[in-house]
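Visitor: Structure below; questions to follow.
The values are calculated or read from the model by the stated rules, or taken from the named source; none is laboratory data. For clarity, every value in this text was computed on a predicted model and none was experimentally measured. Here the Cβ positions follow ideal geometry from the backbone for every residue, glycine too, while neighbour counts run over all protein chains shown.
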Amino acid sequence: MAKAYASAMIDAPIETVWRVVRDFNGLPDWHPAIARSEIEGGQSSGDVGCIRSFHLTDGAHVREQLIALSDLDHSLSYSFVKPAFPVKNYIAGIRLLPITEGHRTFAEWFATFDEEPEHTGKYAEIVSTHVFAAGWAALQEKLKR
């Protein structure tokens, strides 16, 4: 099983960060790799079970299902319905924790999944760096404005 992970210290209070991250359909507003997104079937982006259908800036199409959302814990998790790359059993999550000194937020983005033996480690690095870490960096920039 492969694991992808990226964490960041975001210079904004947890309520501010959660307001942005909580929107399961909001990735195009802050992640540079996402061109457009929609929630299928007329559901709300906060409905557990909803599916977001989005396109990457390179044209790839991805579908993900929200499997948990907790305002109390400032966390969410989701799975691939249609992945962007050849992996199986992909489960990802985001968790935010308050850093009371300076009103900042510790943010974690993580995933576990199965890769084919010939791809061992390849997608863990791509997801960690180009999806998760890039997302946190872009969110930090967005919140500075």
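Visitor: Anything in the stretch 6-29 that is of a type in the set (F, W, Y) and under 11 Å from the mean Cα position of the chain (by Cα)? List them, or say none. First the steps, then the outcome.
Guide: Initially, the stretch 6-29 is screened for residues of a type in the set (F, W, Y), giving 18, 24.
Across the stretch 6-29, the qualifying residue is only F24.
Visitor: Considering each residue of the stretch 18-44, count those that are touching a Phe, Trp or Tyr at 6+ places or on another chain (Cβ under 9 Å) and closer than 20 Å to Y90 by Cα, and give that number.
Guide: So the answer is 7.
Visitor: From (1) modelled with pLDDT of 95 or more; (2) β-branched (V, I, T); (3) surrounded by fewer than 16 Cβ atoms within 10 Å (Cβ to Cβ), pick out the condition that doesn't hold for T100.
Guide: It is condition (1) that T100 fails.
Visitor: A follow-up question, please. Identify, please: which residue in the stretch 69-86 is of a type in the set (A, V, I, L, M) and surrounded by 14 or more Cβ atoms within 10 Å (Cβ to Cβ) and is, among those, farthest from A35 (Cα to Cα)?
Guide: Of the stretch 69-86, the ones of a type in the set (A, V, I, L, M) are 69, 72, 76, 81, 84.
Remaining after also requiring surrounded by 14 or more Cβ atoms within 10 Å (Cβ to Cβ): 69, 76, 81, 84.
On the way: L69: 24, L76: 22, V81: 18, A84: 14 Å.
If we take residues in the stretch 69-86 being of a type in the set (A, V, I, L, M) and surrounded by 14 or more Cβ atoms within 10 Å (Cβ to Cβ), then L69 is farthest from A35 (Cα to Cα).
Visitor: Would you confirm whether or not the stretch 65-87 contains a residue that is at pLDDT below 95, touching an Asp or Glu at 6+ places or on another chain (Cβ under 9 Å), over 22 Å from S128 (Cβ atoms) and not basic (K, R)?
Guide: Looking for residues that are at pLDDT below 95, touching an Asp or Glu at 6+ places or on another chain (Cβ under 9 Å), over 22 Å from S128 (Cβ atoms) and not basic (K, R), one finds none in the stretch 65-87, hence no.
Visitor: Give me the pairs: first residue in the stretch 125-137 and under 22 Å from A12 (Cβ atoms), second residue among the charged types (D, E, K, R) and surrounded by 15 or more Cβ atoms within 10 Å (Cβ to Cβ), beta-carbon distance under 9 Å, and six or more apart or on different chains, which are they?
Guide: F132/E108
Visitor: Then there is this: When you scan the stretch 12-32, do you find a residue that is on the phi < 0 side of the Ramachandran plot and in a strand (DSSP E or B), even just one?
Guide: The first filter runs over the stretch 12-32 and keeps only residues on the phi < 0 side of the Ramachandran plot, leaving 12-32.
Subsequent filtering for residues that are in a strand (DSSP E or B) retains none.
No, the stretch 12-32 contains no residue that is on the phi < 0 side of the Ramachandran plot and in a strand (DSSP E or B).
Visitor: Within the stretch 37-62, take every residue that is out of contact with any helix residue (DSSP H, G or I) (no Cβ under 8 Å at 6 or more places or on another chain) and under 13 Å from A84 (Cα atoms) and give me the one that is surrounded by the most Cβ atoms within 10 Å (Cβ to Cβ). Break it down into steps so the answer makes sense when it comes.
Guide: Filtering the stretch 37-62 down to residues out of contact with any helix residue (DSSP H, G or I) (no Cβ under 8 Å at 6 or more places or on another chain) leaves 38-49, 55-62.
Checking which are under 13 Å from A84 (Cα atoms) leaves us with 55-62.
Details: H55: 15, L56: 16, T57: 12, D58: 8, G59: 7, A60: 14, H61: 10, V62: 18.
The selected residue is V62.
Visitor: Could you list, in sequence order, all residues of the stretch 106-123 that are more than 21 Å from Y78 (Cα to Cα) and assigned to a strand (DSSP E or B)?
Guide: Correct list: empty.
Visitor: I've got another one for you. Output the residues belonging to the stretch 34-86 that are under 19 Å from V20 (Cα atoms), assigned to a strand (DSSP E or B) and β-branched (V, I, T).
Guide: Result: I34, I39, I51, I67.
Visitor: Here's a follow-up. Considering (1) crowded, with 17+ Cβ neighbours inside 10 Å; (2) over 19 Å from A2 (Cβ atoms), say which one E141 fails and leave the rest.
Guide: With respect to (1) crowded, with 17+ Cβ neighbours inside 10 Å; (2) over 19 Å from A2 (Cβ atoms), E141 is out only on (1).
Visitor: Sticking with this structure for a sec: I need the full set of residues from the stretch 87-105 which are outside any loop (DSSP other than H, G, I, E, B), of a type in the set (D, E, K, R) and either under 15 Å from the mean Cα position of the chain (by Cα) or farther than 19 Å from R52 by Cα (or both), in order please.
Guide: In the first step, residues of the stretch 87-105 are kept if they are outside any loop (DSSP other than H, G, I, E, B); the result is 87-99, 104-105.
Now narrow it down to the ones that are of a type in the set (D, E, K, R): 88, 95, 104.
The answer is R95, R104.
Visitor: Turning to a different aspect of this structure: Could you grab me the full set of residues in the stretch 1-34 that are of a type in the set (A, V, I, L, M), closer than 30 Å to E118 by Cβ and surrounded by 15 or more Cβ atoms within 10 Å (Cβ to Cβ)? Steps first, please.
Guide: Within the stretch 1-34, the subset of a type in the set (A, V, I, L, M) is 1-2, 4, 6, 8-10, 12, 14, 17, 20-21, 27, 33-34.
Still in the list and also closer than 30 Å to E118 by Cβ: 1-2, 4, 6, 27, 33-34.
Scanning the stretch 1-34 gives A2, A4, A6, L27, A33, I34.
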